[in-house]
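Q: Would you mind keeping the following structure in view while I ask a few things?
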Amino acid sequence: MNYLDIRIKELMGEADAHLTRSSQPHGWLGLVRSMARGRLGWTMWVIWVVQLLLFVAGVLAAIRFFQAADVLVALKYGLSAATLILLAVQVKLSIAPHMHTERTLRALKRIEILILAQNAKK
């Protein structure tokens, strides 16, 4: 907890404690869960499935690369493995801007809740 959270708890009374509990920021897993259930959740599931398939195919190609005795076969599977694993990482990293946006929107909603709670007291 940082200084701002402590200060908010000091300023808010017991009646407003539920507001701070309900607006606490999520961790990484909480963000992923909320993104998977949102209105664009199906796109997240598609991205995760594609990323998993690319990674598994890359690992299988890497295994065949290390088992290859011929240089041409090793080159074929080595380049395929590297490309597939890099694509899997790139697809996984494409989620990062969306996660950052979700975190920012949640922080803004928290501020909005706190402002509305203060205005309701007056």
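Q: If Ile85 meets every condition in (1) in contact with a Ser or Thr (Cβ under 9 Å, 6 or more places away or on another chain); (2) crowded, with 16+ Cβ neighbours inside 10 Å apart from one, which number is that one?
A: It is condition (1) that Ile85 fails.
Q: I'm trying to understand the selection: among the residues of the stretch 49-77, which are surrounded by fewer than 16 Cβ atoms within 10 Å (Cβ to Cβ) and closer than 30 Å to Met35 by Cβ?
A: Selection gives Val49, Val50, Leu52, Leu53, Val56, Val59, Leu60.
Q: Test Ser80 against the stated conditions and say whether it is free of Cβ contacts under 8 Å to residues at least 60 places away in the same chain, exposed (fewer than 14 other Cβ atoms within 10 Å of the Cβ) and either among the polar types (S, T, N, Q) or touching a helix residue (DSSP H, G or I) at 6+ places or on another chain (Cβ under 7 Å) (or both). Working first, answer last.
A: Numbers: free of Cβ contacts under 8 Å to residues at least 60 places away in the same chain: yes; exposed (fewer than 14 other Cβ atoms within 10 Å of the Cβ): no; either among the polar types (S, T, N, Q) or touching a helix residue (DSSP H, G or I) at 6+ places or on another chain (Cβ under 7 Å) (or both): yes.
Here the answer is no, as Ser80 does not meet what is asked.
A short reminder: the numbers here are calculations on the coordinates, not readings from a lab. Since the structure is predicted, the reported quantities are computational estimates derived from the model, not experimental observations. Using ideal geometry, Cβ is built from the backbone for each residue, glycine included, and neighbour counts are taken over all protein chains shown.
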